[in-house]
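Structure, as structure tokens:
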Amino acid sequence: MWWHLHIDGGIDNMDKFEKAAPAAISALVKMKDLYNNGMNLLLTRYATYYAAKLGATLDGNNPNNCWGQSEESGEIVGGAWNFFIQGHESHALYQNLAMNNGETNKVYTFDTGYRTTNSTAQWHIGSDWGGYATNEVWRTNHGGVDLGYGGDGAIVAWEYLSEGFRGSIVCIGSGCYDWYAYGIDASADKYHGNVAKLTKNAIDYLTGK
């Protein structure tokens, strides 16, 4: 199952998530049953909060660094946006994307002139705040596997591996993962097709294709 959740203005705590997605909360008992019996999920943007609700995490936490703008007033970017995938270039999520020569560790998703809400649900990593001093601490305490990073080292793409009968979950919370540019024709954007390709790759990965 794929769930993408956009909320204008962003979601930055679990209370806001629960209020924004009452149907998902109401379905939680059934969804937990499906997940615990092998259903795989792709959760994107603020839907990444649902992993904690499903019991996929060890510490029960949701992404700790979240924000977002509104579609009609989103920013017009002055250059191409990307996130980093160093160490994970061979992961199924990142195959057959439009890449720049010599930049195999960067995934670009839109170019100059695109309007983005920069809606983000990521994990701040560092000893200053957030509870996860290093990626290893996050992996050990939270239970996820990091797959992609922001320019400041935040974890912006990650997964929860299947264990026992439980399914797998892939999460993409990067502000670069943006489907819709209000008032902008993005049909000629050489990078924007990567958003759809990332999504297809994730679904194929989760369904064993």
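If you take the residues in the stretch 65-76 that are surrounded by 21 or more Cβ atoms within 10 Å (Cβ to Cβ) and within 18 Å of the chain's Cα centre (by Cα), which one is farthest from Ile172 (Cα to Cα)? Please lay out each step first, then the result.
First, the residues of the stretch 65-76 that are surrounded by 21 or more Cβ atoms within 10 Å (Cβ to Cβ): 66, 68, 74.
Still in the list and also within 18 Å of the chain's Cα centre (by Cα): 66, 68.
Details: Cys66: 13, Gly68: 15 Å.
Taking the candidates together, the pick is Gly68.
If we scan the stretch 24-37, do we find a residue that is of a type in the set (S, T, N, Q) and part of a helix (DSSP H, G or I)?
Restricting attention to the stretch 24-37, the residues satisfying the condition of being of a type in the set (S, T, N, Q) are 26, 36-37.
The next check asks that each one be part of a helix (DSSP H, G or I); those that pass are 26, 36.
For the stretch 24-37, residues of a type in the set (S, T, N, Q) and part of a helix (DSSP H, G or I): present.
Which residues, taken from the stretch 43-54, are in contact with a Phe, Trp or Tyr (Cβ under 8 Å, 6 or more places away or on another chain) and either crowded, with 24+ Cβ neighbours inside 10 Å or not aromatic (Phe, Trp, Tyr) (or both)? Give the steps one after another, and end with the answer.
Filtering the stretch 43-54 for residues in contact with a Phe, Trp or Tyr (Cβ under 8 Å, 6 or more places away or on another chain) gives 43-47, 49-51, 54.
Result: Leu43, Thr44, Arg45, Tyr46, Ala47, Tyr49, Ala51, Leu54.
Do the conditions hold for Ala92, that is, is it in contact with a Cys (Cβ under 9 Å, 6 or more places away or on another chain) and within 24 Å of Val195 (Cβ to Cβ)? Even if it seems obvious, please write down each step before you answer.
Details: in contact with a Cys (Cβ under 9 Å, 6 or more places away or on another chain): no; within 24 Å of Val195 (Cβ to Cβ): yes.
So Ala92 does not fit the description; no.
For the stretch 141-186, give me each residue that is free of Cβ contacts under 8 Å to residues at least 60 places away in the same chain and either under 24 Å from Tyr205 (Cα atoms) or charged (D, E, K, R) (or both).
Narrowing the stretch 141-186 to residues free of Cβ contacts under 8 Å to residues at least 60 places away in the same chain: 145-146, 152-153, 155, 158-159, 161, 163-164, 185.
Those that are free of Cβ contacts under 8 Å to residues at least 60 places away in the same chain and either under 24 Å from Tyr205 (Cα atoms) or charged (D, E, K, R) (or both): Val145, Asp146, Asp152, Ile155, Trp158, Glu159, Leu161, Glu163, Gly164, Asp185.
Please pick out the residue among Gly167, Gly153 that is of a type outside the set (Ser, Thr, Tyr), surrounded by fewer than 20 Cβ atoms within 10 Å (Cβ to Cβ), modelled with pLDDT of 95 or more and in a loop (DSSP other than H, G, I, E, B). Please lay out each step first, then the result.
Details: Gly167 fails: surrounded by fewer than 20 Cβ atoms within 10 Å (Cβ to Cβ).
Criteria check complete, one pass: Gly153.
Looking at Tyr132 and the list (1) in contact with a helix residue (DSSP H, G or I) (Cβ under 9 Å, 6 or more places away or on another chain); (2) closer than 25 Å to Asn201 by Cβ; (3) crowded, with 19+ Cβ neighbours inside 10 Å, which single condition is not satisfied?
Condition not satisfied by Tyr132: (2).
Output the qualifying pairs, or none if there are none: Cβ atoms under 8 angstrom, residues six or more apart or on different chains, first residue in the stretch 68-87 and closer than 14 Å to Asp178 by Cβ, second residue assigned to a helix (DSSP H, G or I).
Within 8 Å, the pairs are Gly68/Tyr46.
Could you run through the stretch 170-209 and say how many residues are assigned to a loop (DSSP other than H, G, I, E, B) and either at pLDDT below 95 or over 15 Å from the mean Cα position of the chain (by Cα) (or both)? Quick ask: steps written out before the conclusion?
Applying the first criterion (assigned to a loop (DSSP other than H, G, I, E, B)) to the stretch 170-209 yields 173-192, 208-209.
Next, only the ones that are either at pLDDT below 95 or over 15 Å from the mean Cα position of the chain (by Cα) (or both) stay: 180-192, 208-209.
Selection size over the stretch 170-209: 15.
Checking Trp123 against (1) surrounded by 13 or more Cβ atoms within 10 Å (Cβ to Cβ); (2) free of Cβ contacts under 8 Å to residues at least 24 places away in the same chain, only one condition comes out false. Which one?
Failing condition for Trp123: (2).
Here's a check for you: in the stretch 6-60, which residue that is of a type in the set (D, E, K, R) and touching a residue at least 40 places away in the same chain (Cβ under 8 Å) is farthest from Ile172 (Cα to Cα)? Give the steps one after another, and end with the answer.
Of the residues in the stretch 6-60, the ones of a type in the set (D, E, K, R) are 8, 12, 15-16, 18-19, 30, 32-33, 45, 53, 59.
Imposing the further condition that a residue be touching a residue at least 40 places away in the same chain (Cβ under 8 Å) reduces the set to 8, 12, 45, 59.
On the way: Asp8: 18, Asp12: 16, Arg45: 6, Asp59: 19 Å.
The selected residue is Asp59.
Results for (1) assigned to a helix (DSSP H, G or I); (2) under 19 Å from the mean Cα position of the chain (by Cα); (3) more than 19 Å from His4 (Cβ to Cβ); (4) of a type in the set (Asp, Glu), shown as yes or no for each residue.
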| position | (1), (2), (3), (4) |
| --- | --- |
| Gly78 | no, no, yes, no |
| Asn82 | no, yes, yes, no |
| Gln86 | no, yes, yes, no |
| Leu93 | yes, yes, no, no |
| Asn101 | no, no, yes, no |
| Thr104 | no, no, yes, no |
| Tyr108 | no, yes, yes, no |
| Thr112 | no, no, yes, no |
| Asn118 | no, yes, no, no |
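The values are calculated or read from the model by the stated rules, or taken from the named source; none is laboratory data. This is a predicted model, so every value here is computed, not measured. Please note: Cβ atoms are built from the backbone with ideal geometry, for glycine as well, and neighbour counts cover all protein chains shown.
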